[in-house]
Structures are given as C-alpha cells and as structure tokens.
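Undergrad: Okay, here's the structure, questions in a sec.
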Amino acid sequence: MKNKGYSNGDIAHKSENHTGLEKTNQETVISSSTANKESFEEAPLKTACLTYLGFYLLMILGYINQLFFSPKVAKEENREGYPPLYEAFESFYSRYVYRRIRDCWNRPICSVPGAEVTLKDRVTNDYGWSFEFTGTETKCLNLGSYNYLGFAANSGPCAEETEKTCREIGLAIPSPRREYGNHKIHIEVEKLTAQFLGVEDATVFGMGFATNALNLPTLLSPGCLVLSDEKNHASIILGLRLSGATTKVFKHNNMKDLERQLRRNVIYGNEKTGKPWKKIMICVEGVFSMEGSVVKLPEIVALKKKYKAYLYLDEAHSVGAMGPNGRGVVDYFGLDPKDVDILMGTFTKSFGSAGGYIAGSKKLIDNIRANSHAHCYASTMAPPVAQQILTSMKIIMGLDGTDEGKNRIDALARNTRYFRRRLAQIGVIIYGHEDSPVVPLLVYLFSKIGAVVRILTKRKIAVVGVGFPATPIMEGRIRFCLSASHTKEQLDYALQVIDEISDQLGLKYSRKSRDPNPIEY
C-alpha cells in the first residue's frame with residue numbers, strides 16, 4: 001500500500017517502526033480476555049416472527065389510513081411545478097408509523113439533565129399530529145442522558161466557574177477560529193485536552209457531530225479507502241460520504257472480517273483503477289452508542305500495524321466514561337495513545353458541555369487547523385462551554401487537588417456493573433460490554449417500545465426508546481445511560497419497576513441461566 005504525505009488533506013506519512021510479534025500476541029490475549037464480557041443474545045423465533053408481523057401490520061394500517069383518512073396537514077400545498085419536499089417512504093413512515101408513538105420522543109425538559117430531570121407534560125388530541133402543554137411538570141429519575149460523570153449540574157465548581165466566565169468574556173464569540181475567534185481559553189482547553197489524552201496536540205470544535213462530519217473530509221480524499229464498522233454513528237457516515245473516499249463496511253467488532261478486507265485491499269488495491277490505495281483507514285467507535293459494545297482495540301491496533309493502515313477512533317461515549325483514569329478505551333486496555341493515529345471525542349457526554357476534539361500528532365493537528373472547514377468557517381466554541389470543559393477535565397485529572405474525579409469514575413463503573421448484572425438476573429436481554437455505561441434492553445416489538453416508555457414515565461423514570469430506522473426492524477430497544485450521580489437507591493427503584501413491567505409486558509426473553517445470589521453493589 002502506498003502512503004503519501006500531506007496533499008489534498010491527506011494525513012502525514014506514518015512511521016514504519018512497529019512493535020514485534022511479542023506485543024501483537026499480547027494485545028490479542030488482552031482482547032480475547034475481554035470478549036467474554038460482551039453480551040449479545042438472539043431473539044427467540046416466536047418473538048422474531050411477532051416483531052416482523054407487528055411492524056408490517058403497522059405499515060398496512062398506515063397505507064389504509066393514508067388512502068382514506070389523509071389529513072390536510074399531511075399534504076403539501078402551493079407546490080405546483082416543484083418536486084416533493086420529502087422522500088415518499090420517509091414521509092409515510094413519519095406520519096403513519098412513527099406518529100403513533102411520537103409522544104415517546106422529543107420530550108421537552110425544564111431542568112438540568114442530572115440524576116433527575118423535570119419533564120414538561122404535554123397531551124395530544126389528534127393522535128400524535130400535534131401536542132399541547134398542560135402547564136404541569138413531572139420530576140423523573142433520569143436514565144436517558146449521557147451525563148456519565150454527573151457534571152450536568154447547576155451548582156458546584158463547574159457552574160461557578162462557568163458563570164464567572166460568562167461575566168468576564170461573554171456568552172459567545174461570533175467568529176471562526178481562523179478570524180477573530182481564537183481566544184486564550186480555547187488554547188488552554190486544547191493544551192489540557194492533549195495532556196489529558198497523552199498526545200502531542202489537540203484542537204477543539206463547537207459541535208460534536210461536525211467534528212466527525214467536517215474533519216473526515218480533511219483527512220481523506222478520492223483514492224483513499226475506509227473500512228468502517230457497520231454500527232458507526234451517523235456523523236461518521238456523513239463525513240465519509242463528504243470525503244469522496246471509498247467506504248467498505250465490516251461486520252460489527254468482527255476482526256476476522258476486518259482482516260479479510262484489509263488483506264484483500266492491500267493485495268489488489270483499487271478495483272476500479274488497479275492502483276494501490278493512497279491510504280487505508282480503519283474507522284471505529286470506542287463505545288458504540290446503540291449497542292453498548294466496546295471496540296476490540298488491541299486487536300485492531302495489531303491489524304493496523306500489520307497492514308500499515310491508519311486508525312480513526314471516535315471516543316464520544318468512552319472518553320471520561322471508560323478506563324481507570326477516565327481517558328477512554330485506550331486507557332481501559334492500557335494501550336499507548338500513539339498507537340491510534342486520530343483520536344476523536346466529544347465534550348457533550350462525560351464533561352457535561354458541548355463540542356468535540358481531534359487529537360494526535362502535532363503534524364496532524366497543524367493540518368486540521370489549516371484545512372478543516374470546521375476550523376476555518378464554523379463559529380468558535382462559546383467561552384462558557386470551554387470553561388465547563390476546563391473545570392470538569394481538571395476535576396477528572398485531579399488537578400483541582402481532590403479525589404472527586406477518581407470517585408466519579410469509580411462510581412460510574414460500580415453503577416454500570418451493578419445495573420447490568422441485576423438486569424441479567426431479572427431475565428431480560430441486554431446488549432453490550434459489562435463495563436459499558438450504555439445499556440440497551442431489547443423489547444423487539446414496536447408497540448412495546450411505546451408501552452415501556454409510557455409506563456416508566458408514569459412511574460417517574462425517564463428513558464429513551466430506540467427503534468427503526470435507528471436500529472434494525474428486529475431490534476427495538478430501551479437504552480439506559482448510567483451516571484456516577486445515580487445512587488444505589490435510585491437504581492434499585494428503577495430495577496424494581498423494570499422487573500414488574502417485564503412480567504406485565506412479557507420482556508423476559510433471555511434464555512441464559514440466572515445468578516441466584518444477591519448482586520453486591
């Protein structure tokens with residue numbers, strides 16, 4: 001494979017100094033030891049059949065509804081001579097399938113998304129076409145936010161420092177970094193981020209989604225190949241499409257399929273031109289946001305070294321939430337951060353803020369700063385947002401002189417293991433790694449997603465339901481996100497309610513043996 005230097009936004013030529021076979025074998029053993037920590041159980045045949053039957057029944061009823069009872073709001077007006085504004089199937093699906101359980105999504109809140117969250121109550125009088133606020137509020141246990149380390153709070157050092165920054169600097173700097181938006185607070189955040197991750201340099205952006213979508217085209221160009229995990233986030237998929245690079249998808253966390261595709265493309269090169277690929281990049285996430293699985297990073301690092309590929313690691317859900325020091329999956333597996341060519345992550349989860357970062361070598365970051373659309377054209381990160389990152393990151397690193405950060409990391413790990421083990425004891429099917437704070441509970445049937453979310457809300461527990469097209473038709477689920485701010489009493493209450501509604505709705509699909517012993521917290 002031919003590796004080129006910086007041209008048209010390509011990554012710099014990488015070093016050929018690789019570790020030997022001994023380290024490769026060690027990495028494989030580390031990854032194999034974590035393989036047993038993953039949980040993916042297939043649905044019973046009866047459930048699978050009922051799921052498909054229920055979904056297609058919804059579709060048939062939708063088509064009948066559209067044919068005979070199409071309301072005015074569902075028709076585009078004054079569009080003569082114009083093509084339809086919406087794609088036909090998406091429009092139909094949104095109106096006649098999703099609308100039936102629309103009350104379970106887009107729910108407005110009126111508090112910080114901490115261990116508890118306050119929902120604004122609303123009702124619909126036209127079967128989900130529109131909603132009205134009732135003027136009341138409901139305080140719920142929050143199991144739906146990415147507040148992994150509990151920094152989403154309106155009191156404490158983060159809130160105090162952020163308020164001070166608002167008064168001194170202001171709420172926003174309406175300019176890109178390349179013009180008048182490069183404030184000293186952004187430089188401080190970048191230096192601290194690089195120190196936290198153990199790399200040479202880092203650069204930050206005001207939006208997490210755009211960090212992937214607008215920086216991948218800076219790193220890739222036509223003639224490059226990307227091997228992307230099939231469960232990668234939409235922001236990665238969009239960025240790869242914008243880059244013009246050829247993208248091939250490998251099976252989720254399947255190292256055999258990844259190596260097969262690596263070997264084939266190194267040997268045969270670009271099938272269209274017959275020439276070697278300018279660059280081959282492996283693109284994965286640390287913790288996959290819908291599956292709760294953890295990337296098999298030691299094996300991927302070994303493969304990328306073996307085949308001289310690049311590695312792009314999205315740590316949006318893992319930085320802060322994984323590893324003994326909260327530095328993500330690289331820290332979790334005890335690897336060298338320099339083994340990952342491009343580290344990407346967001347500040348929207350564990351740090352309770354907003355925006356994202358790209359981290360790596362100084363040469364890489366200099367190229368990003370010079371060529372990235374997100375750096376050259378997008379508005380810079382707001383000062384209060386940057387201050388929230390600074391304060392929370394210093395707490396995680398222990399630079400505030402306390403053990404608060406370590407305690408939060410330990411609390412999240414303890415809550416995660418306890419909650420997952422208790423769910424397995426109940427008999428429901430859950431996906432993902434035992435140390436992943438993202439916990440998908442499989443309910444399969446589309447109607448059961450709505451039923452679970454509504455019942456839990458009545459019992460004052462706020463959760464997120466996920467269905468098609470965000471997941472396969474077969475795999476509707478409830479996604480719990482755990483936090484260091486959750487207490488054992490709060491988790492026990494949630495588990496008690498989940499156990500009750502699992503009996504009521506028939507959610508105990510698991511055929512695994514259950515641990516009869518009490519689970520220690």
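The values are calculated or read from the model by the stated rules, or taken from the named source; none is laboratory data. Keep in mind that what you see is a predicted model, and the values were worked out from it rather than measured. With ideal geometry, Cβ positions are generated from the backbone for all residues, glycine too; neighbour counts draw on all protein chains shown. The protein model used for the area step is the full one, side chains on, heavy atoms only, and it has no ligands, DNA or RNA in it. Shrake-Rupley method; radii C 1.70, N 1.55, O 1.52, S 1.80 Å.
Undergrad: Suppose R0 equals 51 Å; then what is the FRET efficiency for residue 187 and residue 80 from their Cβ-Cβ distance, rounded to the nearest 0.05? Don't skip to the answer; put the middle values down first.
TA: Working: r = 54 Å, r/R0 = 1.07.
The value I calculate is 0.40.
Undergrad: Can you run phi through the Karplus equation (6.51, -1.76, 1.60; θ = phi - 60°) for the stretch 294-301 and list ³J(HN,Hα) in whole Hz, with x for Gly and Pro?
TA: The phi angles translate into 10, 4, 7, 5, x, 5, 5, 4 Hz.
Undergrad: If you stretched the chain out fully between residue 66 and residue 121, how much longer would it get, using 0.36 nm times the residue separation minus the C-alpha to C-alpha distance?
TA: Difference between extended and current length: 16.9 nm.
Undergrad: So, for the chain, what is the accessible surface per residue at a probe of 1.4 Å, expressed in square angstrom?
TA: On a per-residue basis, the chain sits at 46 Å².
Undergrad: Here is a further query. Tell me, in nm to one decimal, what length is gained between residue 493 and residue 377 on full extension, where the rule is 0.36 nm per residue of separation less the Cα-Cα distance?
TA: Difference between extended and current length: 37.0 nm.
Undergrad: Does the chain classify as rounded, prolate or oblate by the C-alpha gyration tensor (a ≥ b ≥ c root eigenvalues; a/c under 1.5 gives rounded; else a/b over b/c gives prolate, otherwise oblate)?
TA: Since a/c stays below 1.5, the shape of the chain is classed as rounded.
Undergrad: Could I ask something else about it? Which cross-chain or sequence-distant (5 or more) residues have an amide H under 5 Å from the amide H of residue 345, H modelled 1.01 Å from N in plane?
TA: Counting only residues 5 or more places away or on other chains, the set is 315, 357.
Undergrad: So in the chain, what percent of DSSP beta bridges are antiparallel if you round to the nearest 5?
TA: Numbers: 31 of 51 bridges.
Restricted to the chain, the bridges split so that about 60 percent are antiparallel.
Undergrad: Could you sort 263, 95 by their accessible area in this structure, using a 1.4 Å probe and putting the largest first?
TA: From most accessible down to least: 263, 95.
Undergrad: Working with all protein chains in place, sort 233, 186 by solvent-accessible area computed with a 1.4 Å probe, largest first.
TA: 233, 186
Undergrad: Given a 1.4 angstrom probe, I'd like the percentage of the accessible area of the stretch 157-397 that is carbon and sulfur, rounded to a whole number.
TA: The nonpolar share, carbon plus sulfur, comes to 52 percent.
Undergrad: Another question, if that's okay. Skipping prolines and chain starts, which residues have an amide H placed within reach, meaning under 5 Å, of the one on residue 321, given they are 5 or more residues away or on another chain?
TA: Close amide H contacts, sequence-distant or interchain: 328.
Undergrad: Return, ordered by residue number, the residues of the stretch 152-173 whose backbone nitrogen is under 15 Å from a label point located 7 Å along Cα→Cβ of residue 111.
TA: 152-155
Undergrad: Note down the nm distance, to one decimal, between modelled labels 7 Å out along Cα→Cβ at residue 52 and at residue 458.
TA: For residue 52 paired with residue 458, the spin-label model returns 3.3 nm.
Undergrad: Have a look at 274, 380, 353 and report the one farthest towards the positive end of the charge dipole of the stretch 157-397, computed about the Cα centre with Cβ charges (Lys/Arg +1, Asp/Glu -1).
TA: So the residue furthest toward the plus end is 274.
Undergrad: At what distance in angstrom do the alpha carbon centres of the stretch 444-521 and the stretch 319-360 lie from each other?
TA: 28
Undergrad: I would also like to ask the following. Per 0.36 nm of contour for each residue apart, how much would the distance between residue 179 and residue 155 grow if the chain were fully extended, relative to their Cα-Cα spacing?
TA: 5.2 nm
Undergrad: Taking R0 as 22 Å, what FRET efficiency do you get between residue 260 and residue 234 from their Cβ-Cβ distance, rounded to the nearest 0.05?
TA: That pair, residue 260 with residue 234, gives E of 0.30.
Undergrad: Select from the stretch 330-380 those trypsin sites (Lys or Arg not before Pro) which occupy a DSSP coil region and have at most 12 other Cβ atoms within 10 Å, ordered by residue number.
TA: none
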